[in-house]
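Okay, so here's the structure we're looking at.
Rule-based calculations on the coordinates, nothing more; no lab input. Since the structure is predicted, the reported quantities are computational estimates derived from the model, not experimental observations. Methodologically, a virtual Cβ is constructed for each residue, glycine included, from the backbone with ideal geometry; neighbour enumeration extends over all protein chains shown.
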Amino acid sequence: MLITTTNSIEGKRIVKYYGLVTGEAILGANIFKDFFAGIRDIVGGRSSAYEKELRHAKDIALQEMQEQAKALGGNAILAIDLDYESLGQGSMLMVTATGTAVQIEDI
């Protein structure tokens, strides 16, 4: 399935719009990862544990959104927007993906 943040796909005609599709992922961050991420934040640098969790949550949200679009009959999702939130005083990560499911010609 083709997914994009743009509102159209160059060279492709949209045959049908199915509407809004979403995917969500909420993942708890391990207490040890929280501890080491806190230390890394104090001394500077990147927190690879959080980066890995965010990528994983993003992948889950995008996969859920694609499954929903496919169930509607779509073969592409346009205008994708990703939102990231920290819940529960930073102990949980939430990623929400939204987009418009469409049928495009000749994919």
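Close amide H pairs (under 5 Å, H built 1.01 Å from N) link N75 with V102, Q103, I104, residues at least 5 positions away or on another chain. Overall shape: prolate for segment 53-107, with the ratio a/c of the largest to smallest alpha carbon gyration tensor axis at 1.5 or above and a/b above b/c.
Sorted on the mean count of surrounding Cβ atoms within 10 Å across their residues, most packed first, peptides 78-88, 92-102, 18-28, 4-14 read 92-102, 18-28, 78-88, 4-14.
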